[in-house]
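Working notes, beginning with the structure itself.
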Amino acid sequence: MVWIPGVNELPMSVMITQEKDKAAFTVRKRGEPSTAMYNLTVGDYIGVRGPYGNCFDIKDGKLLLIGGGTGLVPLLRLITFCKPSHDITLLMGAQTKEEMFFEGLANKLLEKNKHQVIAVTEDGTYGKKGFVTDVLEELLQKNRFDAIYTCGPELMMYKTVKLATSNQIFVQASLERMMKCGIGICGSCCINDDLVCRDGTIFDGNHLMQSTEFGQFYRTKSGILEKI
């Protein structure tokens, strides 16, 4: 949890950095806290508590990683825990070319692995045109993966998990929900009977497909369920 003094806290994944003894965060301007963090300058202070939550269960063999937007951050860290023997395909999704980050970094992290990085933009300004889940369907027709890992917009993850489980492929998704305390007290991040901060943020696909809320509803700041 990252605290912006005088504003609020944000649940964030720690971005990898090649600078020793330093941490980094990737932020997209959306609401007041993220905008305040985006506007920080050198010398400003933030507070950090954690880390909280669980981690990916990295299988051997051929892996498929699917990330959308800033959801690529935890997947890039996952790559750093992979073995040179892993055969890794990374699907990177964005709305447009200007939002396609980390491709160079991903290739550098994967240079010791057999790999391919596939960029997909919704408007076709870079890489393949369309949605990453469309490319996923194509890949599943031609390849057999041992595991799939995904993070990004929930509708993207829902379709990914649904496709993976229907093909009997082990899949995990890192969820993002409204989160206030980060330690399982406030209940604001609940999805059915699970608390994302306490029981996740990473969940197995078979478990998620039993949820009536995953990919269907989200909770507002006041806890009201609304359709995604």
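Per-residue ellipticity at 222 nm from helix content only, as computed over the chain with -39500 (n - 2.57) for each DSSP H run of at least four residues, stands at -6500 deg cm²/dmol.
Around the Cα centre of the range 1-51, unit charges on the Cβ atoms of Lys, Arg, Asp and Glu (plus for the first two, minus for the last two) sum to a dipole of about 160 debye.
In plain terms, the chain is cut at each of the chymotrypsin sites (Phe, Trp or Tyr not before Pro) found in a DSSP loop with at most 12 other Cβ atoms within 10 Å, and the longest leftover piece is 82-228.
Among Met209, Ile16, Ser166, whose Cα lies farthest out toward the positive end of the dipole of the chain, if unit charges sit on the beta carbon of Lys, Arg (+1) and Asp, Glu (-1)? Checking the options against the dipole of the chain, the answer is Ile16. Taking 4.7 Å between beta carbons as the limit, the unpaired Cys residues of the chain are Cys55, Cys82, Cys151, Cys189, Cys190, Cys197. Note on Ser222 and Arg144: their simple-model spin labels are 5.3 nm apart, each label 7 Å out from Cα toward Cβ. Centre-to-centre, using Cα atoms only, the range 105-184 and the range 56-96 are separated by 8 Å.
Listed by chain and number, the aspartates and glutamates whose C-alpha is less than 15 Å from the C-alpha of Lys112, apart from same-chain residues fewer than 8 away, are Asp87. Model label points for Arg28 and Glu111, set 7 angstrom from Cα along the Cα-to-Cβ axis, are 2.9 nm apart. By the rule of a C-alpha distance below 23 Å, with chain neighbours fewer than 8 residues away ignored, the lysines paired with Lys114 are Lys59, Lys62, Lys83, Lys128, Lys142. How high is the FRET efficiency between Gln95 and Asn8 when r is their beta carbon distance and R₀ equals 22 Å, given to the nearest 0.05? Efficiency, rounded to the nearest 0.05: 0.25.
Quick one: Glu103, Glu137, fewest Cβ neighbours within 10 Å first, how do they rank?
Glu137, Glu103
Read-outs throughout are calculated quantities, based only on the coordinates presented, and are distinct from any laboratory measurement. Note that the structure is a prediction, hence the values are computed from the model and not measured. When we count neighbours, we look across all protein chains shown, and the Cβ atoms used for this are built from the backbone with ideal geometry, even at glycine.
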